[in-house]
Every structure is written in C-alpha cells, then in structure tokens.
Amino acid sequence: MLAALDAPYADARADGLAFALGLPPLDALAVLPVERAGLTVQLRLLGASHQIIAGPLSETVACLPGAAGPLPGRAATTLPGWSYEFTATTAAHRDATAFGRAVDAVRDRLADRHDALTGAFPGSPHAVTALALDAPLDTAQDATGLGWRTWHAYPQTREIVMTRSLLVRPR
C-alpha cells in the first residue's frame, strides 16, 4: 500500500535514528494491520520513521526525543515465549541518480503487496519510508515466526537505512 503523507519528514538524517523496544503505540501517519503467524502485525509509519507492533513486541526506529543514535548494527533479546533479532545497515549512494534508482527499486518491489506499507513524504519523490513483512517463516520443525524489513530513504544525504527483524516462537 502506498500512502501519500501530508506531513514533513521529521527525521532528516540516517545518523539521527534511534532504536527502542517496548514503546507504546506512537502517533502514526499511516497504519497497515496484517495477520501473520497467528498475530496481528501493525506496520506503522511515523513522521520520524517507523514502528512495528507484533504480539509481545514493539519495535521503533525513529528520531526519538531524548534517545541518541546511531542505530545498532545488531540487537537481540528474548521475550516470554519469543526470541527477537534486529539488524541495520546504511547504504550511501555516490550521486542522486544512483540514490533515486535504489529508492525506485524498493518502491517498485513493494508496490502491489498487501503486506507492505510505503510512505511518500512531500518535497521529494525519494523521501520514502517503506515497511514490509517477509515471507512466512518456518525455520525448523520446532519453531515458527515472522520477519520484516524496512527502508528509510534520505534524499538530503543520499542514504538508505535498511533494517531486518525476526521474531521467532518455539512450537
């Protein structure tokens, strides 16, 4: 789903993003609920990036008051009955053309998916935050779970922050 957002981009740089678990639902510009692995997963676009709520987990990657970045490259934790892993990388593009192609590729890949939410912010066609669930996960006979990916595009710096998360429940 593509959401044309009528709000300024509140996070202007990749290095301003912070990572938090367990926050309550924040004010969202767009929300897409999706059923997966027996859970309702909320893909939430914030003016300051994203929040995912999935069962016992709330993941927020955003410019948060009082929270300092940069994002961790990796984080992991356990919750009652679940394990969770998070990774983040940043791709810096050499010029506006390469950056635009990379953002367009993400938008095109997610365009017709019912389990993806892309927010286009005003001011640049490449000021985009995109969230998508991964294919259903069946890691082994004794575990099940779900995963998601996000992309945060910054035209000012030609950076794309990419995250991948995995929430696994033993059977």
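Summary of values
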quantity: For the stretch 2-170, size of Cβ-based charge dipole, Lys and Arg +1, Asp and Glu -1, in debye; calculated: 220
quantity: Alpha-carbon Rg/Rh ratio, for the stretch 50-140, with Rh computed the Kirkwood way; calculated: 0.99
quantity: Most mobile of LEU79, LEU64, LEU131 in a GNM of the chain (Cα contacts under 10 Å); calculated: LEU79
quantity: 0 to 90° range, to nearest 10: angle between helix 96-110 axis and the chain longest Cα axis; calculated: 40
quantity: Candidate values (i) 141; (ii) 221; (iii) 109, label of the one derived for volume of the Cα convex hull per residue in Å³; calculated: (iii)
quantity: Mean-position separation - Cα centroids, the stretch 31-53 and the stretch 146-165, in angstrom; calculated: 15
quantity: Within a Gaussian network of the chain (alpha carbon springs, distance under 10 Å), most fluctuating of THR150, THR97, THR129; calculated: THR97
quantity: Positive-end extreme of charge dipole, the stretch 2-170 - chosen from GLN156, ALA54, PRO170 (charges on Cβ); calculated: GLN156
quantity: The chain - mean residue ellipticity at 222 nm from DSSP helices (-39,500 (n - 2.57) per run, n ≥ 4, rounded to 500); calculated: -3000 deg cm²/dmol
quantity: Choice from PRO80, PRO72, PRO125 with maximal GNM fluctuation in the chain (Cα, 10 Å cutoff); calculated: PRO80
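The numbers here are math on the coordinates, done by the rules we state, and not lab data. All figures in this text were calculated on a predicted structure; none of them were measured in a lab. Methodologically, a virtual Cβ is constructed for each residue, glycine included, from the backbone with ideal geometry; neighbour enumeration extends over all protein chains shown.
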